[in-house]
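Taking it in order: structure first as structure tokens, then the write-up.
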Amino acid sequence: MTRIAVRPYSLQSFRHLHDAGIHPVLARIFAARGISELAELSTGLSGMIPPKQLLNIGKAAVFLADAIAGGRKMTVIADYDCDGATACAVALRGLKLMGAHVDFMVPNRFDNGYGLTPAIVDEAKKNHGTEVLVTVDNGIASLEGIGRAVALGMEVLVTDHHLPGDELPKNCIVVNPNQPGCPFPSKHLAGVGVMFYVLLALRAEMRLRHVFDESTQPRLDHLLDLVALGTFADVVRLDANNRILVAQGLRRIRSGIMQPGVAALFMVSGRDCRKASPFDLGFALGPRLNAAGRLSDMALGIECLLTDDVSRALQMAEELNRINTERREIEADMRLEAREKIARFQPENRATICVLSEDWHQGIIGILASRIKEKYFRPTMAFAAGKDGRLRGSGRSIPEFHMRDALDLIAKRHPGLIVQFGGHAMAAGLTLKADGFEVFSEAFEAVAKDWLTQTQLERLVETDGSLDDDCFSLDFIHLLDAQVWGHGFPPPLFCDEFTVLNQRILKDRHLKLQLEKNGRHFDAIQFGSTTMLPRCARLAYRLDANEYNGRTSVQLLVEHAEDPK
């Protein structure tokens with residue numbers, strides 16, 4: 001069941017924001033997202049949380065400065081998603097600006113698995129002559145790999161943002177806002193954000209050593225396009241600090257200040273970088289980078305972000321685009337098969353969904369789990385067979401169900417069932433024994449039934465209430481588009497009753513509508529739905545500036561429709 005609700009908001013916060021000059025509807029929207037002061041909306045770099053609040057960041061800066069001064073060979077160990085790729089590019093570009101001798105390695109999803117494994121450590125030592133390992137967007141759970149590195153005489157700096165397990169890595173420096181004892185107020189930094197902060201601290205340390213001064217120090221703000229891309233694509237919560245990072249990156253992209261690889265990704269995506277939006281980062285550029293890690297080798301994506309050769313960047317971006325097209329085709333086949341599997345049981349009578357096919361592509365099961373979760377609003381796990389005979393799983397969750405904590409509980413209740421796991425509240429990955437699917441499915445269902453009520457299993461479409469008539473305008477849309485919206489700071493969604501004047505199915509997939517409210521007519525579209533609406537309907541919708549034949553007009557994007565009763 002899905003129902004429309006209106007977000008509550010603090011009347012005191014609304015009045016405070018309105019009195020400060022904020023548009024009354026925007027003031028209501030901001031108050032509903034917990035904003036009470038104008039300063040919380042600032043996107044200037046001066047509003048960033050100081051690096052010194054990150055635990056161990058001073059030690060990390062000294063460690064890296066010493067390594068650079070000693071000419072020691074560094075290798076950055078990346079992750080194979082967009083956050084990992086951008087974090088690696090930020091690390092390589094930033095460290096080289098500081099004078100480091102550094103290259104990178106990225107594990108192959110299918111051959112190496114996730115993180116700093118002993119095999120990766122051995123390869124770094126043998127083929128790269130590595131003396132210093134720096135992890136980005138991974139490492140907090142790589143206890144065995146770090147132990148191997150130390151045994152081989154290497155030193156390790158872990159930069160990560162994932163939740164730690166019961167045991168932290170030893171004999172290394174860890175910078176992670178989510179490690180115990182870290183006072184950094186924003187626990188939602190992406191991996192690329194953590195690495196950017198480390199570079200800020202390193203630059204400050206090198207100023208203290210008189211390597212640079214204020215006039216000669218490297219311009220790290222030129223890396224903010226990468227920070228914005230990785231932050232938004234990783235779907236971390238856009239708290240005030242992350243909104244600053246994303247807004248600053250977008251500002252530079254719109255001004256033409258970006259890496260050649262980022263510009264090339266905009267080009268192959270058919271997006272205009274001069275009008276860059278968070279949507280472009282999350283749904284155009286991000287998937288094309290992620291496709292390399294899902295189907296091929298993320299080294300291609302990282303190289304695209306590292307090259308300063310414009311023609312080479314475009315060539316690699318075109319290859320990433322081709323891989324992403326292939327990913328879509330594979331995903332479509334997997335979704336069809338998953339739909340048939342799910343049809344055999346009644347998902348509405350269960351609290352979770354687990355699906356398995358030995359023929360599914362390991363790199364795409366995370367997307368599949370996300371699609372299923374969106375359709376059925378149930379914590380979902382999708383599994384495929386790994387090369388080693390074990391099962392690889394990827395999960396996506398709903399609010400009120402912490403995915404990683406659920407896996408941790410299952411691992412404790414069923415020792416030996418889960419080989420390894422990791423992740424966040426809303427997404428996680430794991431490896432199961434070859435014959436563990438049925439046991440895991442029941443254990444997963446049992447945890448969900450213990451933790452979730454029936455109400456929590458009902459999809460709630462949270463809206464910002466009714467929209468004033470004078471806000472159905474391009475000016476108001478531009479006002480909304482000037483903000484950075486995303487996970488944890490959702491874009492405005494309104495709800496009103498409309499008279500449906502006309503409706504037709506478009507391309508066998510979408511519902512095209514003509515609506516009326518208070519004597520005004522509106523064009524609208526509901527993507528992915530072919531269910532005809534009643535004459536009077538209550539709609540949850542977003543505002544959109546629709547460009548067609550050189551004319552721009554207001555269009556409503558319908559998210560959900562129900563009978564007003």
Inset, instruction - Report, in whole Å, the centroid distance computed from the Cα atoms of region 54-72 and region 183-247. - result: 16 Å
Inset, instruction - For a quick protection proxy, order the peptides 414-424, 367-377 by their average other-Cβ count within 10 Å, most packed first. - result: 367-377, 414-424
Inset, instruction - Tabulate in residue order the Karplus-calculated ³J(HN,Hα) for region 197-214, using 6.51 cos²θ - 1.76 cosθ + 1.60 with θ = phi - 60°, rounded to whole Hz; enter x for Gly and Pro. - result: 5, 4, 5, 4, 5, 5, 4, 5, 5, 6, 5, 4, 8, 6, 6, 10, 10, 4
Legend entry - Cα lying deepest toward the dipole's positive end in region 14-63, options A61, F30, S46, charges on Cβ: A61
Inset, instruction - Report the extension gain between T552 and R3 in nm, rounded to one decimal, defined as 0.36 nm multiplied by the number of residues separating them, less their alpha carbon distance. - result: 194.5 nm
Inset, instruction - Rank-order 456-464, 113-121 by packing density, defined as the average count of other C-beta atoms within 10 Å over each peptide's residues, highest first. - result: 113-121, 456-464
Inset, instruction - State the Cα centre-to-centre distance between region 18-43 and region 100-145 in whole Å. - result: 44 Å
Legend entry - Quotient of C-alpha Rg and 2.2 N^0.38 Å, computed over region 308-372: 1.54
Legend entry - Built amide H within the under 5 Å cut-off of E559, gap 5+: A540, Y541, R542
Legend entry - Span per principal axis, largest first, for the Cα atoms of region 199-304 (Å): 44, 29, 26
Legend entry - Per-residue ³J(HN,Hα) for region 339-356, Karplus 6.51 cos²θ - 1.76 cosθ + 1.60, θ = phi - 60°, Hz, x for Gly and Pro: 4, 5, 5, 5, 4, 6, 10, 9, x, 5, 9, 10, 8, 9, 9, 10, 10, 9
Inset, instruction - Please figure out what share of the DSSP beta bridges in the chain is antiparallel and state it in percent, rounded to the nearest 5. - result: 65 percent
Inset, instruction - Report relative contact order for the chain in percent, whole number only (criteria: Cα-Cα under 8 Å, sequence separation at least 6). - result: 12 percent
Inset, instruction - Compute the Rg to Rh ratio over region 113-200 from the alpha carbon atoms, using the Kirkwood formula for Rh, and round to two decimal places. - result: 0.97
Legend entry - Kirkwood-type radius of region 460-562, with distances r between different C-alpha atoms, in Å: 14.2 Å
Inset, instruction - May I ask for the angle, rounded to the nearest 10°, between helix 365-376 and the longest principal axis of the chain, with both axes built from Cα atoms and the value confined to 0 to 90°? - result: 30 degrees
Inset, instruction - Specify the angular offset, from 0 to 90 degrees and rounded to the nearest 10, of the alpha carbon long axis of helix 260-269 from the longest principal axis of the alpha carbons in the chain. - result: 30 degrees
Legend entry - Equivalent-ellipsoid semi-axes of the chain, from the Cα gyration tensor, Å, largest first: 39, 30, 22
Legend entry - Inter-centroid distance (Cα atoms) of region 1-16 relative to region 536-565, Å: 21 Å
Legend entry - Sequence ranges 238-251, 25-38, 437-450, ranked by mean other-Cβ count within 10 angstrom, highest first: 238-251, 25-38, 437-450
Legend entry - Share of alpha-carbon pairs per 10 Å distance bin for region 343-457, given as whole %: 15, 53, 30, 2, 0
Legend entry - Bins of 5 Å from zero: percent of alpha-carbon pairs in region 396-548: 2, 7, 13, 14, 12, 10, 10, 10, 9, 7, 5, 2, 0, 0
Inset, instruction - Let me know the charge dipole size of the chain about its Cα centre in debye, to the nearest 20, where only the beta-carbon of Lys, Arg (+1) and Asp, Glu (-1) is charged. - result: 140 debye
Inset, instruction - Quick one: which residues, 5 or more positions from S529 or on another chain, have an amide H under 5 Å from its amide H? H modelled 1.01 Å from N in the peptide plane, none for Pro or chain starts. - result: L511
Inset, instruction - Search the structure for amide H atoms under 5 Å from the amide H of H487, placed 1.01 Å from N in the peptide plane, and list their residues when 5 or more places away or on another chain. - result: L238
Inset, instruction - Evaluate the charge dipole of region 343-457 about its Cα centre and quote only its size in Debye, nearest 20, assuming +1 on the Cβ of each Lys and Arg and -1 on the Cβ of each Asp and Glu. - result: 160 debye
Inset, instruction - Output ³J(HN,Hα) for region 135-150: one whole-Hz value per residue in order, computed from phi by the Karplus curve 6.51 cos²θ - 1.76 cosθ + 1.60 with θ = phi - 60°, and x for Gly and Pro. - result: 8, 10, 6, 6, x, 5, 10, 8, 4, 5, x, 5, x, 5, 4, 5
Inset, instruction - Give, in whole angstrom and from largest to smallest, the semi-axes √(5λ) of the equivalent ellipsoid of region 403-450, with λ running over the eigenvalues of the Cα gyration tensor. - result: 15, 13, 9
Inset, instruction - For region 24-102, build the convex hull from the C-alpha positions and give me its volume per residue in Å³. - result: 149 Å³
Legend entry - Debye equation applied to the C-alpha atoms of region 272-348, log10 I(q)/I(0) at 0.16, 0.26, 0.28 Å⁻¹: -0.69, -1.18, -1.25
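Values in this text are rule-based calculations from the coordinates and carry no lab data. Computed from a prediction, not measured in an experiment: that's the story for all the values here. Here the Cβ is made from the backbone with ideal geometry for all residues, glycine too, and neighbour counts use every protein chain on show.
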